[in-house]
Amino acid sequence: MMMHDRLEEMALIEEQSRTQFTQQVRVCVAAGCLSSQSDVVKETLEKEVARNGLERACQVKGVGCMGLCAEGPLVSVTTNGEAKSRQVMYRHVTPADAPELAEALVAKKTVKRLQMPEKMPFFDRQVKIVLENSGEIDPERIEEYIAAEGYQGLLTAVTEMTPTEVIDEIVRSGLRGRGGGGYPTGLKWITVAKMDGPVKYVICNADEGDPGAFMDRSVLESDPHRVLEGMAIAGYAVGATEGYIYVRGEYPLAVERLKLAIRQANRLGVLGSKVCGTTFDFNVQIRLGAGAFVCGEETALIASVEGKRGAPRPRPPYPAEYGLWGKPTLINNVETFANVPAILRKGGAWYAAIGTEKSKGTKVFALAGSIQNTGLIEVPMGMTLREIIFDIGGGVPDGQCKAVQTGGPSGGCIPAEFFDTAVDYESLRELGSIMGSGGMIIMDESASMVDVARYFMEFCMTESCGKCVPCRVGTVHMYNLLDRIYKGQGRPRDLAMLEELCEVVRETSLCGLGQTAPNPVLSTLRYFRHEYTDLLAPEAGNGAAPAAKSPAAERPLEAKS
Amino acid sequence: MLLKTQKAEPPSEDKRWRIVQATMRRNGFERHALIETLHTVQESFGFLDEESLSYVAASLRVPLSQVYGVSTFYHLFTLKPAGEHSCVMCTGTACYIKGLPNLLVAMEAAYGVLPGETTADNKLSLLTARCLGSCGLAPVAVFDGEVVGKLTVEKLQERLGRWNNHDDA
């Protein structure tokens, strides 16, 4: 029970030091706002607060992502003793605004010029589980995570529950893989737990490769301890003593915060040897990706952790039986692990009460493209696309919404007439797309669907690892066909050939990359076939043919070295 | 056991090799530390040349062919020295929809470089990245490590012009 008292004490001290201040100023220091100099905003605010003699009354701190990245840098001010909904949020804050903000803090007023509307559907309609601490706590301080009930789930698991009970709780929650596949998490855990052998591994897949998706990055940057706690609970449940986090090399800030978090957790004793004073050991290491999309596929990821080229291998055997260095390995996505602590703390039944019949809980989506409120949201499963795009996302700034692309290069485009569909794994698959990891790219009328399909095919073509023929050769041919059609040089038989190739590549590729590469083409053909056929006969075209194109637009984006 | 104690000598006296050695030591000179080590080499030297690949291969006892395979497989590794300044353009979906192709055209028109190339005077390297995850600011590019969002052709030219002016002064 020592760790229990320790955590309680830390939470208490943290709470006391927090209540010493009458005001809390939170500045978003996640990657989105950082690139608009939110770090300078924070520094200047600190100086200004000190200059006004407020350093004892007002705490300035850096926090994780608040979600509304389009309006960044974001700053929120809460006054202690008031309800949380009374917090004032400021947008587009620049270092030059700091003196004005500090004066407003002294006078207990608000700066109307920068203030966001008090009631915004963007915030009101969300249900936060994974992101509950994002934008609230300082991601670089373990104390704040603990004050927000952090590591309670792990403590309960290792001190009061058997591994089987932990797994039962996950099964009860109905949690499914948030990387996009939607495989029941509990089932995966059971499979790994059943394997014999003293050495097993837990891997966290943080190789968020889909272009237009930044959910995992935000979670890692805003609340890294949550992911570590989820991994440790998983380790305890399946009998693994070692964990790896495979992070994209493109996310240096996430890596830095994770490293710091691991150090803090080891020092406190909630990770490392003798977790929480029990006999359970769990060490976490970081492995850096080096820019290969295919490494998001689990067997390719394992190869990469082993220091090899990220080429996938046929399954079965699945990693659950034969994974890292041939040992049983549990691989889950960042968001999946981030759900686990809350499930352990509040119970599987609580989690299962959220969402739809088959898809439980919440899902984090990254809204981008032609949309007012670009940013990160978390909504219960079963919310309709219309609510997500128009109520929360604020709709398309100028123009009509034409379609939404979900699931990245493995997904598809859903046209506006299907926006009343409730979002879950099954419904999106029926529409020819997938849930994917959660990127949603909203497209307005100006977007050419053939161009979108071509863009994703170019992506798959350059990202294909080259191991199996259908994917290596098929994607190149599909790209050439799409390119030809887009340039108005396509013939009807090209379209027939394209469809045939889609079929072949989907059915015969080795891994998910190839199997799903035709999806963007198939879904745009399904809903926007006329855009293809219009381009096939330019003389009969109705203006849908693209304007004069520039030379660079016709080349693949990726450099071929 | 004999092999384990035999240490490969760094290609030169350059102190940066110590950083590389430290990375390998931290990973117990295990073969699976290959990618980590290559990351460190690239961070320290800017790119991977034949000498460094051979040295890493010998130190970790990995076939040179595998080291070469790994360093060409992953996009982040480069075998060519970069220019003085680098501009990394994000090619994610959001950036593409919000006008990346026009930016690339402007780059080519102004500097004659395509993605992956360096200008003849070795001043500027144009690189691409698969989504930097800052889709809220699309289109995004990274100028020498500084992220700049909501790019337009004018803004891009202004940023690149700064380097030129600075160098002239």
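The values are calculated or read from the model by the stated rules, or taken from the named source; none is laboratory data. Predicted model, so just to flag it, every value in this text is computed and none were measured. With ideal geometry, Cβ positions are generated from the backbone for all residues, glycine too; neighbour counts draw on all protein chains shown.
Could you list all residues from segment A:302-329 that are within 23 Å of A:E463 (Cβ to Cβ) and touching a Pro at 6+ places or on another chain (Cβ under 9 Å)? Passing the criteria: A:I302, A:A303, A:P319, A:G323. One residue alone among A:A342, A:A320, A:A300 is in a helix (DSSP H, G or I), farther than 21 Å from A:C465 by Cα and not assigned by TED's automatic domain parsing to the domain that holds A:G64, and that residue is A:A342.
Can you tell me which residues in segment A:419-467 are outside any loop (DSSP other than H, G, I, E, B), in contact with a strand residue (DSSP E or B) (Cβ under 9 Å, 6 or more places away or on another chain) and not small (G, A, S)?
Our first condition is that a residue be outside any loop (DSSP other than H, G, I, E, B); within segment A:419-467, this holds for A:422, A:425-430, A:439-444, A:449-463.
Of the ones still in play, those that are also in contact with a strand residue (DSSP E or B) (Cβ under 9 Å, 6 or more places away or on another chain) are A:422, A:425, A:428, A:439-444, A:449, A:452-453, A:456.
Those that are outside any loop (DSSP other than H, G, I, E, B), in contact with a strand residue (DSSP E or B) (Cβ under 9 Å, 6 or more places away or on another chain) and not small (G, A, S): A:Y425, A:L428, A:M440, A:I441, A:I442, A:M443, A:D444, A:M449, A:V452, A:F456.
Restricted to segment B:31-52, and to residues that are of a type in the set (A, V, I, L, M, F, W, C) and surrounded by 19 or more Cβ atoms within 10 Å (Cβ to Cβ), which residue is nearest to A:L288 (Cα to Cα)? Give the steps one after another, and end with the answer.
Restricting attention to segment B:31-52, the residues satisfying the condition of being of a type in the set (A, V, I, L, M, F, W, C) are B:33-35, B:38, B:41, B:45, B:47-48.
Remaining after also requiring surrounded by 19 or more Cβ atoms within 10 Å (Cβ to Cβ): B:33-35, B:38, B:41, B:48.
Working: B:A33: 10, B:L34: 11, B:I35: 8, B:L38: 11, B:V41: 14, B:L48: 17 Å.
It comes out as B:I35.
If you go through segment A:186-222 and keep only what is among the β-branched types (V, I, T) and either under 17 Å from the mean Cα position of the chain (by Cα) or more than 23 Å from A:K327 (Cα to Cα) (or both), you end up with A:I203, A:V219.
Determine whether B:A8 is part of a loop (DSSP other than H, G, I, E, B), of a type in the set (A, V, I, L, M, F, W, C) and more than 12 Å from every other protein chain (Cβ to nearest Cβ). Answer is yes for this residue.
Check whether at least one residue in segment A:59-73 is in contact with a strand residue (DSSP E or B) (Cβ under 9 Å, 6 or more places away or on another chain), farther than 26 Å from A:P99 by Cβ and assigned to a helix (DSSP H, G or I), and report yes or no. Taking every residue of segment A:59-73 in turn, none turns out to be in contact with a strand residue (DSSP E or B) (Cβ under 9 Å, 6 or more places away or on another chain), farther than 26 Å from A:P99 by Cβ and assigned to a helix (DSSP H, G or I).
What number of residues within segment B:116-137 are closer than 17 Å to A:Y251 by Cβ and within 7 Å of another protein chain (Cβ to nearest Cβ)? Let's see the steps before the verdict.
First pass over segment B:116-137, keeping only residues closer than 17 Å to A:Y251 by Cβ: B:127-137.
If we keep only those that are within 7 Å of another protein chain (Cβ to nearest Cβ) as well, we get B:128-137.
Total satisfying the criteria: 10.
One residue alone among A:L74, A:L105, A:L101 is modelled with pLDDT under 90, within 18 Å of A:E48 (Cβ to Cβ) and among the hydrophobic types (A, V, I, L, M, F, W, C), and that residue is A:L105. Against the numbered list (1) touching a strand residue (DSSP E or B) at 6+ places or on another chain (Cβ under 7 Å); (2) more than 19 Å from A:V340 (Cβ to Cβ); (3) among the β-branched types (V, I, T), A:I245 comes up short only at (2). Taking each residue of segment B:5-30 that is under 20 Å from A:L288 (Cα atoms) and looking for partners that are at pLDDT below 90 and exposed (fewer than 11 other Cβ atoms within 10 Å of the Cβ) with beta-carbon atoms closer than 8 Å, six or more apart or interchain, yields B:F29/B:K4. The numbered conditions (1) at pLDDT 85 or above; (2) within 13 Å of chain A (Cβ to nearest Cβ); (3) not in a loop (DSSP other than H, G, I, E, B) are all true for B:K155 except (2). One residue alone among B:L76, B:L114, B:L104 is in a helix (DSSP H, G or I) and in contact (Cβ under 8 Å) with a residue 12 or more places away in the chain, and that residue is B:L104. Any chance segment A:327-339 includes a residue that's at pLDDT 95 or above, buried (at least 20 other Cβ atoms within 10 Å of the Cβ) and assigned to a loop (DSSP other than H, G, I, E, B)? Yes, segment A:327-339 has at least one match. Reported count of residues in segment A:167-187, each being crowded, with 24+ Cβ neighbours inside 10 Å and touching a Leu at 6+ places or on another chain (Cβ under 9 Å), is 3.
Can you tell me which of A:V158, A:V130 is assigned to a helix (DSSP H, G or I), touching a residue at least 40 places away in the same chain (Cβ under 8 Å) and in contact with a helix residue (DSSP H, G or I) (Cβ under 8 Å, 6 or more places away or on another chain)?
The match here is A:V158.
Test A:G235 against the stated conditions and say whether it is in a helix (DSSP H, G or I) and either farther than 25 Å from A:G407 by Cβ or not basic (K, R) (or both). Considered against the rule, which asks whether it is in a helix (DSSP H, G or I) and either farther than 25 Å from A:G407 by Cβ or not basic (K, R) (or both), A:G235 comes out as yes.
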